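See below for the structure under consideration.
The values are calculated or read from the model by the stated rules, or taken from the named source; none is laboratory data. This is a predicted model, so every value here is computed, not measured. Ideal geometry is used to build each Cβ from the backbone, glycine not excepted, and the neighbour counts take in all protein chains shown.
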There are 2 protein chains.
Amino acid sequence: MSERTERSEGREGMPSRHGMTWVPGVAGSPYGVTNLPYGVFRHGEGEPRVGVRIGDFALDLAGAEAAGLVLAGGALGEPALNAFMALGRPQWTAVRQRLVELLTEPEHRAAVEPLLVPLREVEMALPFEVADYVDFYSSEHHASNVGQIFRPGQPPLLPNWKHVPIGYHGRAGTVVVSGTPVIRPTGQRASAQGPTTGASVRLDIEAEVGFVVGVPSRLGERVPVADFADHVFGVVLVNDWSARDIQAWEYQPLGPFLGKSFATSVSAWVTPLEALADAFVPAPDQDPPVQDYLRDTPHLGLDLTLSVEWNGERVTEPPFAGMYWTPAQQLAHLTVNGASLRTGDLYASGTVSGPERGQVGSFLELTWGGSEPVKFADGSERTFLEDGDTVTITATAPGPDGTTVALGEVTGMILPAR
Amino acid sequence: MSERTERSEGREGMPSRHGMTWVPGVAGSPYGVTNLPYGVFRHGEGEPRVGVRIGDFALDLAGAEAAGLVLAGGALGEPALNAFMALGRPQWTAVRQRLVELLTEPEHRAAVEPLLVPLREVEMALPFEVADYVDFYSSEHHASNVGQIFRPGQPPLLPNWKHVPIGYHGRAGTVVVSGTPVIRPTGQRASAQGPTTGASVRLDIEAEVGFVVGVPSRLGERVPVADFADHVFGVVLVNDWSARDIQAWEYQPLGPFLGKSFATSVSAWVTPLEALADAFVPAPDQDPPVQDYLRDTPHLGLDLTLSVEWNGERVTEPPFAGMYWTPAQQLAHLTVNGASLRTGDLYASGTVSGPERGQVGSFLELTWGGSEPVKFADGSERTFLEDGDTVTITATAPGPDGTTVALGEVTGMILPAR
């Protein structure tokens, strides 16, 4: 046993699972040793490398593995997280435990410190190669709001919504890393004179939480709800940019297509599920009862609080804990028909909206279909996104020992249509 | 100039672009030197290799490139077609011309013949790594039939159908090569007593034609209709297996998901566009006029005739030439919002249905929603697929000089649900 459990004590006097790190400036940071998200960074002219975030540093894991400080069969030397994510849960745990040792035990400082790169010197890359991208629709509040806005006077939820975790496939090739500018899409939209083609005038966000698959499954094999944590490596924040005018005209009968496929942004840091162990909380009761393959006991969601800043001003704080369908249910649904999983599959929650206006995850809802503009501190107003606008989504979760785990950020600026 | 243009003459006395091959048994074959589709094969215990089909042989192109017989920068030594497809149209043309030389000029026979592998000795693999998979819905007859079956008494086409080439993203990770058995999917379906979960009882096919992207495009860049042949490498046959009961319950409002994602089969051979140069024919007039970005002059479809065999008996012959939206229009639509293309993107036409019952591309239509069973020669009947059933889709196109170009086949047998 290492010294660290003796060195620090958590709340209520129990020995902490995590000691203090020797890395400078980390005290009080939500990127402490209870977090340790993974990403891929470039430093100067170097090739992309896998790293883990501690405070305001990236620890170069390619360098750490090359130096024999951590063992992952060479997977950390790859330019994306896929090879590491494919190793499976025991290896994820072993590497994480080793990283905590390296970052907390003073005897490792001399070897490890030269591998720390200040984040201000790095450029982040897409952390993993996206295999398939699926987007769910799992917030009852969001689905109800959208139903009321688009189908006024009709029941806000369709008959299948409380039975089927509704989802669809999105475009994997246009998933981009946080910070990538988003070019306003062009497309067809309806008008009183018939369809026209032009730049979207109802460009929106969708604040979501994405789950990244590490361990694949075979074609024809179902993944039961109980196996969620054996397949899912971690969590990213997602902004599923949406052109509402394009979407409204195209989506019947086969669903959203070009209204979504121009860009989907994900956070640069993938928070491992293990960092969120203290964030699992009971999910909302489900009535009517769900089909057997969707029954998860315990029925747990994640207590994440998202925050959406529009040009630097916080406009909404969507609560993830209230999502009707849980990530384990989504995974079981995705595979109930025998569809196989690949390493790098990404499935997102759908827009995260709580019951209050200040908790919705899209500007469609925040401005109620564009009819109630958001007023900013400087007196300006917005309904949908204008060129030059920047949206940044962040999130936090409760960590162990009273700590807070931050989930990075997903940000993007709107560039004019071409 | 090689000897071959002097050696053979085509119809009307013009010099043929293609001579006779020295490969045995190819005379009269629809896999002659005017076809030359590419695939990936395994021979014995060997690794997957790129090959080109001539008659009933695969020419080992990895071996040919290693021997210096054909030059492609090493791309033919990869275990999938992606690297070769990424080289672009001038290289595709140059390699094809060189292959015609190698297979027609007697002086190459001694070097090339040892690289011919009889097809009966090989196992075919998925010819390319699928990046994103998009499925369109471009047959007016199919869309009208489905509308009449699912929404009787309402206008069969939705208002957007003649303006927007309707499509959606499918699951790339479950695209499988022809011959892969298809396990009957399990999922939710509606019943009078509420939803139930079980094996699909309305398992269907969709006979389609798929287009494979070779040359990528950048995010934010549109691909005009005129650039179709600079990006699309070739054509595969597609069976988009569909569980109608699962699909009917899940598809509102975000489109098909698990009803399709369990398996999509593609032919093992990718027919290069150049082999189909003589198959381009005027596509149906479009009224109302389409948006500018969809206007292609000339407006050309492909004169392919599909054939669907159900347990060895031909049940329908869908004509591809009558598709309302052309592959060039589909590509322009797919990218009008700035969505980027990747090498390996696959987009399928949607079910190919002609105006007659014997020309429809799905059993849903062939049996009119399951109400009019198909009768087989042995007296048996079918509405949807039963376990053990095999479906094989083939297609032919007119080639140069009066030849016929065959597009391989896509076949699969239904295995019982697990």
Would you mind stating whether B:ASP378 is among the acidic types (Asp, Glu) and within 14 Å of another protein chain (Cβ to nearest Cβ)?
no
Check off (1) over 24 Å from A:SER144 (Cα atoms); (2) in contact with a helix residue (DSSP H, G or I) (Cβ under 9 Å, 6 or more places away or on another chain) for A:MET413 and give me the number that stays unchecked.
(2)
Of the numbered conditions (1) of a type outside the set (D, E, K, R); (2) touching a Ser or Thr at 6+ places or on another chain (Cβ under 7 Å); (3) farther than 30 Å from B:ALA75 by Cα; (4) assigned to a strand (DSSP E or B), B:SER265 satisfies every one except a single condition; which is it?
(3)
With the structure loaded, tell me whether B:PRO90 is more than 18 Å from B:PRO24 (Cα to Cα), of a type outside the set (A, V, I, L, M, F, W, C) and without any contact (Cβ under 8 Å) to a residue 12 or more places away in the chain or whether it fails that test.
yes
Report yes if B:THR196 is surrounded by fewer than 23 Cβ atoms within 10 Å (Cβ to Cβ), at pLDDT 95 or above, within 13 Å of another protein chain (Cβ to nearest Cβ) and closer than 30 Å to A:LYS162 by Cβ, otherwise no.
yes
Within the range A:273-323, which residues are assigned to a loop (DSSP other than H, G, I, E, B) and within 17 Å of the chain's Cα centre (by Cα)?
A:ASP303, A:LEU304, A:GLU317, A:PRO318, A:MET323
Between a residue in the range A:404-418 that is on the phi > 0 side of the Ramachandran plot and any residue that is crowded, with 16+ Cβ neighbours inside 10 Å and part of a loop (DSSP other than H, G, I, E, B), which pairs come within a Cβ distance under 8 Å, given they are 6 or more apart or on different chains?
A:GLY408/A:PRO37; A:GLY408/A:SER178; A:GLY408/A:SER267; A:GLY408/A:ALA268; A:GLY408/A:TRP269
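Okay, residues lined up against (1) among the hydroxyl-bearing types (Ser, Thr, Tyr); (2) over 25 Å from B:LYS260 (Cβ atoms):
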site	(1), (2)
A:LEU254	no, no
A:SER267	yes, yes
A:ASP278	no, yes
A:TYR293	yes, no
Are any residues in the range A:369-418 of a type in the set (S, T, N, Q) and under 25 Å from A:LEU126 (Cα atoms), and if so, which ones?
A:THR390, A:THR392, A:THR394, A:THR396, A:THR404, A:THR411
The condition of being among the hydroxyl-bearing types (Ser, Thr, Tyr) and assigned to a helix (DSSP H, G or I) holds, among B:SER138, B:SER144, only for B:SER144
I'd like to verify a number: residues in the range A:199-229 that are under 25 Å from A:THR93 (Cβ atoms), touching a Lys or Arg at 6+ places or on another chain (Cβ under 9 Å), more than 11 Å from chain B (Cβ to nearest Cβ) and surrounded by fewer than 24 Cβ atoms within 10 Å (Cβ to Cβ), how many?
3
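Okay, residues lined up against (1) away from chain B (no Cβ under 14 Å); (2) of a type in the set (Ser, Thr, Tyr); (3) closer than 27 Å to A:ARG151 by Cβ; (4) in contact (Cβ under 8 Å) with a residue 12 or more places away in the chain:
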| residue | (1), (2), (3), (4) |
| --- | --- |
| A:LEU254 | no, no, yes, no |
| A:PHE280 | yes, no, no, yes |
| A:GLN291 | no, no, yes, yes |
| A:GLY358 | yes, no, yes, yes |
Could you say whether any residue in the range B:234-251 is closer than 20 Å to A:LEU219 by Cα, among the aromatic types (Phe, Trp, Tyr) and within 10 Å of chain A (Cβ to nearest Cβ)?
no
Test B:GLY369 against the criterion of being assigned to a loop (DSSP other than H, G, I, E, B) and more than 14 Å from chain A (Cβ to nearest Cβ), and give yes or no.
yes
Return the only residue of B:GLU113, B:GLU129, B:GLU101, B:GLU107 being surrounded by fewer than 21 Cβ atoms within 10 Å (Cβ to Cβ), under 21 Å from B:ARG42 (Cα atoms) and away from chain A (no Cβ under 14 Å).
B:GLU113
Restricting the range A:95-110 to residues that are hydrophobic (A, V, I, L, M, F, W, C) and in contact (Cβ under 8 Å) with a residue 12 or more places away in the chain, the residue that is nearest to A:GLY234 (Cα to Cα)
A:VAL95
Taking the options A:GLY73, A:GLY179, name whichever one is at positive phi and more than 14 Å from chain B (Cβ to nearest Cβ).
A:GLY73
Taking the range A:146-188 and the residues there that are among the polar types (S, T, N, Q) and either farther than 17 Å from B:GLN252 by Cβ or outside the structural domain of A:ASP245 (by TED's automatic domain parsing) (or both), the one that is surrounded by the fewest Cβ atoms within 10 Å (Cβ to Cβ) would be A:THR180
Can you tell me how many residues within the range B:337-350 are touching a strand residue (DSSP E or B) at 6+ places or on another chain (Cβ under 6 Å) and either within 10 Å of chain A (Cβ to nearest Cβ) or under 15 Å from B:ALA143 (Cβ atoms) (or both)?
7
What tally of residues in the range B:147-176 results from selecting those that are part of a helix (DSSP H, G or I), within 9 Å of chain A (Cβ to nearest Cβ) and not small (Gly, Ala, Ser)?
2
Scan A:ASP245, A:ASP292, A:ASP296, A:ASP287 and give me the residue that is in contact with a Lys or Arg (Cβ under 8 Å, 6 or more places away or on another chain) and more than 30 Å from A:ALA190 (Cβ to Cβ).
A:ASP287
Filtering the range A:324-336 down to residues that are more than 14 Å from chain B (Cβ to nearest Cβ) and either closer than 16 Å to A:VAL236 by Cβ or assigned to a loop (DSSP other than H, G, I, E, B) (or both) yields A:TYR324, A:THR326, A:PRO327
Hey, among the residues in the range B:284-313 that are touching a Phe, Trp or Tyr at 6+ places or on another chain (Cβ under 6 Å) and closer than 28 Å to B:PHE376 by Cα, which one's surrounded by the most Cβ atoms within 10 Å (Cβ to Cβ)?
B:LEU304
Would you be able to say whether some residue in the range A:259-269 is β-branched (Val, Ile, Thr), over 21 Å from A:THR383 (Cβ atoms) and modelled with pLDDT of 95 or more?
yes
With a cut-off of at least 1 residues that are in contact with a Ser or Thr (Cβ under 8 Å, 6 or more places away or on another chain) and of a type outside the set (Lys, Arg), name the strands (runs of 3 or more DSSP E) lying wholly within the range A:25-123.
A:49-54
